[in-house]
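Below is one structure, written out as structure tokens, with a few remarks after it.
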Amino acid sequence: MIGSWVGNLIYEGKAKRVYRVNDELLIMEFKDEVTAFDGARRENAPGKGRLAAAQTVFFMRLLSKYGIRNHLVDWDGDRKVLVRSLKMIPIEVIVRNYAYGSFLKRMPLIKPMTKFSRPLVEFHLKSDELHDPLITSDDIIEAGLVNNDQLSEMVDTALKVNTILSNFMMSKGLTLVDFKLEFGIDKLGNVVLADELSGDTMRVLINNKHLDKELFRKGASALELVKAYEEMNRLLGIP
Ligand SMILES: Nc1ncnc2c1ncn2[C@@H]1O[C@H](COP(=O)(O)OP(=O)(O)OP(=O)(O)O)[C@@H](O)[C@H]1O
Ligand SMILES: [Mg+2]
């Protein structure tokens, strides 16, 4: 039972606290908080931690069924998820199906919510100070963040994740607009999908209504956000 597991706090981000259990394992504790604009807006969001943890666990398990290697080990049924400890790659991999968000700022020639002819994959350097700037694959290789094979695997995996999640959401009447992935490297050098998959890291629509953190960015209260995450879980059959 993970509930009784203990670890030392090694990191606190905006969405989660990370505890080290041992060499191999970490606990990610999802916070009952929501932030936006690099933390400039922050509110308590009772219930959000459990809902986002449930989403992450559900999607990671779904992906495992399709052979996508990921860090999930166990869940306490509440806010804590047990994961394999990885050496994180400081890159956010974004997959986009429709034009939205920061894409529109850099590419004003495409109208909002245009469906792309094929999913777009892009990379951002994980850096709050620099506001996660867009970077190229050449930048990544030149900086030695990963090698060519690892980079290809990240892109292949991101596209597979997109197909699996998009189809699943579509079967429930939802639209997956875009999402962010993070990867780590295990001791054998394998690229492993890590971090979270939740309303905080994806944009999901039902009848043009957001069920994700975009609501909060657009001014909704934390309570309204928690209600939307509850609705997402109900529609997707997430316990
Ligand atoms: N399997 C893993 N092994 C090691 N670190 C991980 C693993 N999965 C996720 N992480 C890291 O744990 C941290 C989770 O914290 P959190 O997401 O709250 O903060 P953050 O991503 O650094 O910043 P932000 O507040 O912008 O989200 C992240 O730094 C993430 O990269
Ligand atoms: Mg994060």
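The values are calculated or read from the model by the stated rules, or taken from the named source; none is laboratory data. Because the structure is a prediction, the values reported are computed rather than measured. Neighbour counts run over all protein chains shown; Cβ positions are idealised from the backbone, glycine included. To get the accessible areas, we keep the full protein, side chains included, count just its heavy atoms, and leave off ligands, DNA and RNA. Shrake-Rupley method; radii C 1.70, N 1.55, O 1.52, S 1.80 Å.
Residue count for segment 161-185 satisfying the condition of being more than 15 Å from the chain's Cα centre (by Cα), more than 19 Å from Lys126 (Cα to Cα) and in contact (Cβ under 8 Å) with a residue 40 or more places away in the chain: 6.
Give me the residue from segment 1-57 that is among the acidic types (Asp, Glu) and more than 14 Å from ligand 2 (Cβ to nearest atom) and, out of that set, nearest to Asp78 (Cα to Cα). Give the steps one after another, and end with the answer.
Residues of segment 1-57 that are among the acidic types (Asp, Glu), as a first pass: 12, 23-24, 29, 32-33, 38, 43.
Remaining after also requiring more than 14 Å from ligand 2 (Cβ to nearest atom): 23-24, 32, 43.
Numbers: Asp23: 24, Glu24: 22, Asp32: 11, Glu43: 20 Å.
Top of the filtered list is Asp32.
Would you mind stating whether Leu130 is within 16 Å of ligand 1 (Cβ to nearest atom), open to solvent by 20 Å² or more (accessible area, probe 1.4 Å), within 26 Å of Lys105 (Cα to Cα) and not acidic (Asp, Glu)? The answer is yes for Leu130.
Every residue, every condition in (1) open to solvent by 10 Å² or more (accessible area, probe 1.4 Å); (2) charged (D, E, K, R); (3) at pLDDT below 95; (4) more than 16 Å from the chain's Cα centre (by Cα), yes or no:
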{"residue": "Phe30", "(1), (2), (3), (4)": "no, no, no, no"}
{"residue": "Gly39", "(1), (2), (3), (4)": "yes, no, yes, yes"}
{"residue": "Gly47", "(1), (2), (3), (4)": "yes, no, no, yes"}
{"residue": "Gln55", "(1), (2), (3), (4)": "no, no, no, no"}
{"residue": "Phe58", "(1), (2), (3), (4)": "yes, no, no, no"}
{"residue": "Leu63", "(1), (2), (3), (4)": "no, no, no, no"}
{"residue": "Tyr66", "(1), (2), (3), (4)": "yes, no, no, yes"}
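Annotation: Ile68 fulfils all but one of (1) under 17 Å from Leu197 (Cα atoms); (2) of a type in the set (A, V, I, L, M, F, W, C); (3) more than 12 Å from ligand 1 (Cβ to nearest atom); (4) part of a helix (DSSP H, G or I); the unmet one is (4).
Show the residue pairs meeting these rules: Cβ distance below 8 Å; 6+ apart or different chains; first residue within segment 221-239 and over 9 Å from Gln55 (Cα atoms); second residue open to solvent by 90 Å² or more (accessible area, probe 1.4 Å) and among the polar types (S, T, N, Q). As it stands, the answer is Ala222/Asn44, since those pairs meet every condition given. Within segment 91-109, is there a residue that is touching a residue at least 60 places away in the same chain (Cβ under 8 Å), among the hydrophobic types (A, V, I, L, M, F, W, C), within 15 Å of ligand 1 (Cβ to nearest atom) and not in a strand (DSSP E or B)? No, there is no match, as no residue in segment 91-109 is touching a residue at least 60 places away in the same chain (Cβ under 8 Å), among the hydrophobic types (A, V, I, L, M, F, W, C), within 15 Å of ligand 1 (Cβ to nearest atom) and not in a strand (DSSP E or B).
Give me a count of the residues in segment 209-218 that are in contact with a strand residue (DSSP E or B) (Cβ under 9 Å, 6 or more places away or on another chain) and surrounded by fewer than 20 Cβ atoms within 10 Å (Cβ to Cβ).
Step one: filter segment 209-218 for residues in contact with a strand residue (DSSP E or B) (Cβ under 9 Å, 6 or more places away or on another chain), giving 210-218.
Next cut, surrounded by fewer than 20 Cβ atoms within 10 Å (Cβ to Cβ) only: 217-218.
Counting residues in segment 209-218 that are in contact with a strand residue (DSSP E or B) (Cβ under 9 Å, 6 or more places away or on another chain) and surrounded by fewer than 20 Cβ atoms within 10 Å (Cβ to Cβ) gives 2.
Please note which strands (runs of 3 or more DSSP E) are completely contained in segment 136-210 and include at least 1 residues that are touching a helix residue (DSSP H, G or I) at 6+ places or on another chain (Cβ under 9 Å) and farther than 24 Å from Trp75 by Cβ. Spell out how you get there, then give the answer.
Details: elements: 175-185, 191-194, 202-206.
Qualifying strands (runs of 3 or more DSSP E): 175-185, 202-206.
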